[in-house]
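Only one structure is covered here, and it is reproduced in the block below.
FYI, it's all coordinate maths here, none of it is from the lab. Because the structure is predicted, anything quoted here is derived from the model rather than measured. Cβ: placed from backbone, ideal geometry, glycine included. Neighbour counts: every protein chain shown.
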Amino acid sequence: MTRRWVVAFGVLVMTIIGGSALRADDLTGASRILCTCVQATRCLEGGDCVIDLPWNLNIPQFIEIDLVSKRLGTTPASGENRATVADTLRREKGKIVLQGLENGRAFSLFIDEASGMLSAAVAADGQAVAVFGACTPVPSK
Amino acid sequence: MKRTIMLKLAVLLLAGGAALVQAVLAQQPTGEKTLAATMNVYVFPTKGQKPEQQSQDEAACYTFAVQNTGTDPFQLQKQSQTQAQQTAQQKEQAKQAGAGAGASGAVKGAAAGALIGEIASDDAGKGAAYGAAAGVIAGRRRAHAAQGQATAQAEQQGAQAQQATAQQLDNFKKAFSVCLEAKNYMVKF
């Protein structure tokens with residue numbers, strides 16, 4: 001009897017934790033999001049790849065994305081004033097995809113709306129950078 | 001007759017009491033710090049020297065110690081205060097320099113402007129070894145590191161100066177003590 005209660009309690013806890021994790025950073029319906037880059041890998045055409053902290057590769061620590069204007073930019077607090085506008089934005093089946101080109105670098109961002117997880121790739125001549133991070137909705141002003 | 005004896009006894013007791021009180025008061029500290037006491041050196045006259053004599057002996061030994069060690073504790077104290085101020089100033093300067101570097105980094109970032117185009121950019125030497133990418137954040141990190149280094153250097157210099165001052169003071173106290181011991185005082189510091 002006691003064992004059943006323990007199992008039932010465990011299942012309940014896992015359900016609560018798992019449920020909240022899935023709901024965390026739900027971007028559904030958000031028009032502005034804030035993304036943070038956690039890990040980056042840079043690969044050169046020779047096959048050498050190195051994992052590094054994003055800011056060591058000049059990837060902004062935080063990127064604000066306006067999903068209406070397709071604008072990606074650094075936060076005002078960073079003092080960096082860097083921005084670019086994506087050429088395309090598609091939002092379907094719970095996925096957000098942004099693609100563009102800037103200074104000879106092509107970029108693609110893939111964001112899962114339900115979890116807020118970010119996967120991005122930047123490709124340039126002879127090299128590619130893969131970036132992973134997470135996004136959260138920005139409350140409207 | 002008995003009354004006269006009692007009176008004489010009373011007078012004698014009073015006189016003795018007064019003398020005792022005077023003797024005790026003479027041994028009590030006056031509240032003024034002696035020269036040795038200001039340096040946390042404890043001096044006891046083993047031959048019953050009077051305070052005036054002790055004061056003279058301490059002054060003589062102070063001069064002796066200054067001449068023999070080349071150190072004047074009161075000058076040292078002033079130097080120590082000046083050094084502490086200099087250390088604080090150097091630390092402040094390092095802090096301001098770091099802030100300046102951050103500002104220039106921000107200006108550089110404002111001029112660069114590209115969000116994606118700057119990622120992993122090593123235009124200074126294409127194909128250069130990994131780590132050549134120089135960015136605003138990297139610049140800011142370097143500035144912070146330099147600031148930390150300058151602050152640590154200032155702190156180290158301050159600590160070294162303090163250590164040197166303590167050593168000089170210790171030498172002075174040794175010379176001062178030797179002199180006073182020769183004049184029949186027990187000395188501890």
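Details
- Segment A:39-141 gives an Rg/Rh value of 0.96, both radii derived from C-alpha positions and Rh following Kirkwood.
- The local environment of B:L180, defined by Cβ-Cβ distances under 10 Å, has a net charge of -2 under the rule Lys, Arg +1 and Asp, Glu -1.
- Charged neighbours of B:Y62, selected by a Cβ distance under 15 Å, balance to 0 (K, R count +1; D, E count -1).
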